[in-house]
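The values are calculated or read from the model by the stated rules, or taken from the named source; none is laboratory data. This structure is a prediction, so every number in the text was calculated from the model and none was measured. Cβ placement follows ideal geometry from the backbone for every residue including glycine, while neighbour counts extend to all protein chains displayed.
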Amino acid sequence: MLIPQGALLPALQARLEKKYDARILPAAAQDQESFLKAEGEGIEALATNPKFGARAPLLDALPNLKVVSSLGVGLDGLDLELLRKRDIAVGYTPEVLNDCVADIAFALLLDVARGITKADAFVRRGDWYKGGFPMTTRVSGKRLGIIGMGRIGSVIARRALGFDMEVRYHNRRPVEGSQFQYASTPVELAEWADFLVLASAGGAATNKLVSTDVLNALGPKGYLINVSRGSVVDEKVLIEYLRDARIAGAGLDVFEQEPGVSAELASLENVVLTPHVASNTVETRAAMMQRAEDNLDAFFAGKGVVSSAL
């Protein structure tokens, strides 16, 4: 088994090293090349994550690879076409993180609309002595648009019902049997929504999906929440719209160049920023680690991966 350095949580790496004949892929490119020349032919399994992924250069160096287990739900770092062509099984960790990602989506939504982070700073600075905190925006009863009504989007929609919100969504195609109204384009959804939540997959199909047209449609009273991938938003355009108050605000857990966040974005007061922590709870990470391990165990037991990405 091959494990890229830093790709797994230490607890999972230790478990896999104990159970399997594991090799750690060095971080430096020069070391990787020599390592793969020496070890590549003997590798049958790859344990990775969405950021490191499994792309063509690495896959080409692993001619006998049989299975990939990725710790996460993002698939944009995996060359699925090549993996499918080579008949390599691909496991990932869906479902187990839905609740925590939906929770962060609503935490960001509530924070940016009600000014929770700013109010906390207001109290700590002693500004309350100088006067009251500025009025904010109501959340309950508003209109919530979701781009990406998959597993996570569906849980976000259920959360919204608890706030008496009206929900509509946009996907590449309508979800059969959904109780929520379908919008045929992201622009149509943004024009209707007070809050636009991104829960779509990353990759080429959604790259910079949210840019000028969508943000114009969302307008100066609308809020953008992103818990999907940074690549889904044209970040340069978003900064411009936030700076000029052409949208009301944003809550972002993901960014184009993680862990880098532009100084201008960080300086804006109408945006709440979190460091890609939507699934970062003890319970969810334990469940993700277990699913990643289960995918490998099931494959080598002849049952196929538990959660297949192909």
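A compact table of results
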| item | result |
| --- | --- |
| Selected residue [touching a Lys or Arg at 6+ places or on another chain (Cβ under 7 Å), in contact (Cβ under 8 Å) with a residue 24 or more places away in the chain and within 18 Å of L108 (Cα to Cα)] from L268, L252 | L268 |
| Residue in the stretch 241-256 that is in contact with a Cys (Cβ under 8 Å, 6 or more places away or on another chain) and under 20 Å from T117 (Cβ atoms) present | no |
| Members of the stretch 116-142 found to be within 26 Å of the chain's Cα centre (by Cα) and either outside the structural domain of I104 (by TED's automatic domain parsing) or under 14 Å from E269 (Cβ atoms) (or both), listed by number | I116, T117, K118 |
| Leading residue by the ranking (farthest from L296 (Cα to Cα)) among those in the stretch 108-121 that are out of contact with any Pro (no Cβ under 8 Å at 6 or more places or on another chain) and surrounded by 19 or more Cβ atoms within 10 Å (Cβ to Cβ) | A113 |
| Residue match in the stretch 185-194 (condition: part of a loop (DSSP other than H, G, I, E, B), in contact with a strand residue (DSSP E or B) (Cβ under 6 Å, 6 or more places away or on another chain) and among the aliphatic types (A, V, I, L, M)) | yes |
| Checklist (1) part of a loop (DSSP other than H, G, I, E, B); (2) under 15 Å from G74 (Cβ atoms); (3) of a type outside the set (A, V, I, L, M, F, W, C) applied to K221, failing item | (2) |
| Test: S231 is assigned to a helix (DSSP H, G or I), under 18 Å from the mean Cα position of the chain (by Cα) and either surrounded by 15 or more Cβ atoms within 10 Å (Cβ to Cβ) or among the acidic types (D, E) (or both) | yes |
| Residue that is surrounded by the fewest Cβ atoms within 10 Å (Cβ to Cβ), among those in the stretch 292-302 that are under 14 Å from I88 (Cα atoms) and not hydrophobic (A, V, I, L, M, F, W, C) | G302 |
| Within the stretch 150-189, considering residues that are over 22 Å from D99 (Cβ atoms) and under 20 Å from the mean Cα position of the chain (by Cα), the one surrounded by the fewest Cβ atoms within 10 Å (Cβ to Cβ) | R172 |
| Number of positions in the stretch 65-78 that are touching a helix residue (DSSP H, G or I) at 6+ places or on another chain (Cβ under 6 Å) and surrounded by 22 or more Cβ atoms within 10 Å (Cβ to Cβ) | 2 |
